[in-house]
Each structure stands twice: as C-alpha cells, then as structure tokens.
1. Run the helix sum for the chain: -39,500 (n - 2.57) per DSSP H stretch of 4+ residues, divided by residue count, reported at 222 nm to the nearest 500 deg cm²/dmol.
2. Based on the mean of other Cβ atoms within 10 Å per residue, sort peptides 105-111, 77-83 so the most packed one is first.
3. Enter the angle in degrees (range 0 to 90, nearest 10) between the Cα long axis of helix 134-145 and the first principal axis of the Cα atoms of the chain, meaning the one along which they spread out most.
4. Under 12 Å from the Cβ of L33, count the other residues' Cβ atoms, weight Lys and Arg +1, Asp and Glu -1, and hand me the total.
5. Over the chain, average the accessible area per residue using a 1.4 Å probe and give it in Å², no decimals.
6. Pairs of alpha-carbon atoms within less than 8 angstrom and 6+ residues apart define the contacts here; what relative contact order does segment 49-137 have, in percent?
7. When the Karplus curve 6.51 cos²θ - 1.76 cosθ + 1.60 is applied with θ = phi - 60°, which whole-Hz ³J(HN,Hα) does each residue of segment 83-88 get, with x for Gly and Pro?
8. Can you give the Kirkwood hydrodynamic radius of segment 94-155 from its Cα pairs, in Å with one decimal?
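The values are calculated or read from the model by the stated rules, or taken from the named source; none is laboratory data. These numbers were taken from a predicted model, which means no experiment stands behind them. FYI the Cβ positions are ideal-geometry reconstructions off the backbone, even for glycines, and counts take in every protein chain you see. In case anyone asks, the SASA skips ligands and DNA or RNA and just uses the protein heavy atoms, side chains included. Shrake-Rupley method; radii C 1.70, N 1.55, O 1.52, S 1.80 Å.
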Amino acid sequence: EISRAEGASIDSDALRLVSRHAEGSLRDAENTLEQLVVSYEDGVSLAQVEDLLGLGNSERWLELARYLLMGNTNGALDVVNQAAWDGMDMRQLHRQTLELLRAAMLLQWGSANMVDLSDHITSQLQDLVGQLPAWRIMQALKLWGEANMRYDAPSPLPLELAVVEICDAQASAPSPQAAAA
C-alpha cells in the first residue's frame with residue numbers, strides 16, 4: 001500500500017524480503033522501504049534489497065542449502081568461506097540458510113502454503129525435496145539450527161563445523177529398514 005501510494009515501483013519478491021527482514025516491525029519496514037526508494041529511483045529489485053540490507057545473494061543461500069541437503073561437504077565449505085571472504089555477516093548467512101532448510105521441511109510435509117519465498121526459489125527447493133528422504137532434511141535443519149553464532153559471529157568456524165557434521169551424516173545414513181521404522 002505504501003509503495004503504491006508513493007508511486008514507487010518495487011518487485012513483490014523485494015517487498016517480501018523487506019517484510020521478512022523487518023521481523024514484524026512496521027517502522028523498520030517503512031524505513032527500509034524509504035531507503036530503497038531514495039536509493040533506487042527507477043524501481044527496486046530483489047537484488048537491490050539484498051544489497052542494501054547486506055544480505056548477500058539469495059542464490060548463494062540456495063546453493064548452500066542444496067549442498068547441505070545433498071551432502072556435498074566441499075561445495076558447502078566453499079560457499080561458506082567465499083561468503084566470509086566477501087565480508088558477509090555469518091549470522092545472516094546462517095539465518096537465511098536456516099530459512100531455506102525450514103522451507104524444504106515444510107515443502108517435504110506438504111505445507112507449501114506456509115513457505116514465504118519467491119516462486120523461483122520455492123520451485124527449486126520443491127525439485128530438490130523430491131529427491132531427498134525426509135530424515136535428511138530434518139537432520140540438516142536440526143544440525144544447522146544448532147550452530148552457535150552468538151559468540152563468534154565474524155568467524156565461519158561454527159558454520160564450517162555444522163557443514164561437516166551435516167554432510168558427514170549423509171555417509172552414516174540410516175539403513176533402509178531403520179529409515180522405514
């Protein structure tokens with residue numbers, strides 16, 4: 001409503017990200033929207049919102065989630081370390097990847113209406129989820145969520161440890177009998 005009233009052109013995915021980032025604070029969402037409209041007078045895209053908020057690239061988060069779910073340790077470590085080298089806030093990488101893993105869980109259990117991501121990302125996650133057993137998604141979500149970013153936020157170490165633990169769990173997957181039970 002605000003962007004329409006102000007005559008601002010902003011993508012729906014960009015608005016969705018502003019809303020999620022504000023975490024329920026209308027004032028924060030309005031402030032972010034104002035900064036975006038002033039900074040990008042020709043229209044606001046998702047990439048511009050990510051840039052302004054210092055969130056990095058949503059494709060990077062999706063790539064990391066994919067590597068985690070597929071058990072690709074090397075690929076996941078590369079993404080985490082590249083994000084650290086690029087100066088990305090590791091807590092933000094943790095939070096955004098956790099959101100994607102949560103979305104994968106919701107998609108796995110048929111709750112697509114609870115997923116608040118762009119159609120492009122949701123579609124890619126849905127394709128990935130179709131290839132994975134439910135235990136794999138749950139295990140990745142649980143272990144990634146347990147990574148403690150509180151005390152060592154600038155360091156990629158907590159995320160690197162979580163990557164190794166999640167991807168190593170693929171090698172020690174439950175037997176088909178145990179998974180069925």
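1. On the way: 11 runs with 126 residues, N = 181.
Dividing the helical sum by the residues of the chain leaves -21500 deg cm²/dmol.
2. Details: 105-111: 15.9, 77-83: 19.0.
Top of the packing list down: 77-83, 105-111.
3. 60 degrees
4. Cβ neighbours under 12 Å give a net charge of -3.
5. Ligands and nucleic acids excluded, the result is 56 Å² per residue.
6. Details: 65 pairs, mean separation 25.1, N = 89.
For segment 49-137, the relative contact order is 28 percent.
7. Using θ = phi - 60°, the values come out as 4, 5, 5, 7, x, 5 Hz.
8. 12.3 Å
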